[in-house]
Amino acid sequence: MDQAWLDLLADNVDAMAAGHADWCDAPTANYVQLRCDTAERILQQSIAAGLVEVDPGSANGALRLTSCGGAVCHLTDNISSLLVPGNSLDPLGFVIGLSGLETAGNFAIWRSLPNGSTTTHNLQPGGASPRRAGERGAVSLPGGSSWNPRSRNTFGHTFDTHGSGPSNTRSLTGRAGGTGQGQGQWLDNAAAARLLQSASNPTAGPRSIPIPPGLGRVILPSGQIVPATHATLVPLPGGNGYRTAYPVVGGGPWP
Amino acid sequence: MKFSMKLLPPLAAELNPSFGLEDQAPTEIRELLFVGCGLLDQNQYQFVVSGFDVTPWPTDVRYDLHLVLEQLPTTLSRVRRGQAATLDFFGQGLERIVDLAPLPDSMYELRCRSGMSWHPTFDKETRRGEDIVDDMEQLSEAFADGLRKVSPELRHSQALVDWIALTAAK
């Protein structure tokens, strides 16, 4: 499943959980019956990703969760066991609860469960249809954190724009002049990835950490290059990984 | 100057269509955004952002457009629904956030927060929600249009089709 679609899915599901049920059709306080193009696309992507499938035993073509093949996926009735602090369930920070995915009425009911919650959630808030085996549970979408520095899902812009290499050096030199602000560059992507993995904390916000000598440098607006002493980390909201992370001189504004 | 984001093609220079992507043609949207912004940057496209009495912001195509486009589907979706949204210009040296908060009568209040010592002269603006949506849709379309021009190989790629569908999703 394309990460960009997952992002939109996560946001939509989050909006529902937050009670923003004022779009699409037949909203209630707790869930939304999706009949719009977005829902259709999400379901198509979910089917393509192997998360749901048409139930061959259903006369009306109801959808059901799959066992997810070899993907990182949990399917269980006892979802509370998955919702303990520290569980790395998916890069989005959500467990997606799929409840009564029915095509009979051309709608689906989705509800999100915040990662880290210890509350047992009702996966069928509307109580609209009886759940059947294979149609309920919690699913962690495939694609857990990979700490390979080439993983954009984990490291965001960290190495695309601040990684080692002459192309990034040229780009960052131009950007330093354009913004009037120093630009950090990692000198060893693999070592930086290991450092960032060890510093990963899904509950922490943007912050600064010290880095070993020789791991990064900062290109100043003048073109001068100086060694970096710290790194600014901008984590993914609610997930394992980073939107970006770059070397700086000094600890920066973050605690 | 109201907050706006535009992707501008080069004024006079001829475009230099890029070939040779066969081995690295993006299949996912994030890859498409990364590769696409790099190609547009090579062709002297400009990402012009202004607002909060600052014109222009020190943005560039390769870095800042890329990260804004990544946020665009979600932000668009939220504003279309009349919900609060944010655009985070978290690139090093820019580090500012635009919060979009819904007001009555389909209006939005935009606030700019800086994560640096720089602060906007005016940190608050109001705009019509549909104008914000129009701007973001035009930015998405300008990206797709630019890609079609600078990369014949990407013109019919599934990732580009998906990008258009994603930002059109209502």
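For the stretch B:145-170, a tally of residues being within 14 Å of another protein chain (Cβ to nearest Cβ) and more than 17 Å from B:R81 (Cβ to Cβ) returns 9. Restricting attention to the stretch B:28-53 and to residues that are charged (D, E, K, R) and modelled with pLDDT under 90, the residue that is nearest to B:H119 (Cα to Cα) turns out to be B:D53.
Sub-6 Å Cβ pairs linking a first residue in the stretch B:83-97 that is touching a residue at least 40 places away in the same chain (Cβ under 8 Å) to a second residue that is surrounded by fewer than 23 Cβ atoms within 10 Å (Cβ to Cβ) and in a loop (DSSP other than H, G, I, E, B), at least 6 apart or interchain, number zero. Here B:I132 meets the list (1) within 14 Å of chain A (Cβ to nearest Cβ); (2) β-branched (V, I, T); (3) under 13 Å from the mean Cα position of the chain (by Cα) almost entirely, failing just condition (1). Go through the stretch A:199-214 and give me each residue that's farther than 16 Å from A:G241 by Cβ, in contact with a Pro (Cβ under 7 Å, 6 or more places away or on another chain) and touching a residue at least 24 places away in the same chain (Cβ under 8 Å). Of everything in the stretch A:199-214, just one residue is farther than 16 Å from A:G241 by Cβ, in contact with a Pro (Cβ under 7 Å, 6 or more places away or on another chain) and touching a residue at least 24 places away in the same chain (Cβ under 8 Å), namely A:I211.
Just to be sure before I move on: is B:L40 surrounded by 22 or more Cβ atoms within 10 Å (Cβ to Cβ) and touching a helix residue (DSSP H, G or I) at 6+ places or on another chain (Cβ under 6 Å) in the structure I sent?
yes
Looking only at the stretch B:79-88, decide whether some residue is β-branched (V, I, T) and away from every other protein chain (no Cβ under 11 Å). The answer is yes; a qualifying residue exists. Residues in the stretch B:118-147 that are out of contact with any strand residue (DSSP E or B) (no Cβ under 9 Å at 6 or more places or on another chain) and aliphatic (A, V, I, L, M) were compared, and the one that is surrounded by the most Cβ atoms within 10 Å (Cβ to Cβ) is B:L147.
B:F34 satisfies every condition listed in (1) aromatic (F, W, Y); (2) over 21 Å from A:Y242 (Cβ atoms); (3) within 9 Å of another protein chain (Cβ to nearest Cβ) except (2).
Against the condition modelled with pLDDT of 90 or more and within 12 Å of chain A (Cβ to nearest Cβ), how does B:Y108 come out, does it pass? Judged against the criteria, B:Y108 is not a match.
Among the strands (runs of 3 or more DSSP E) confined to the stretch B:48-163, there are none with at least 2 residues that are of a type in the set (D, E, K, R) and at positive phi.
The values are calculated or read from the model by the stated rules, or taken from the named source; none is laboratory data. Keep in mind that this is a model prediction, so the values were computed, not measured. Ideal geometry is used to build each Cβ from the backbone, glycine not excepted, and the neighbour counts take in all protein chains shown.
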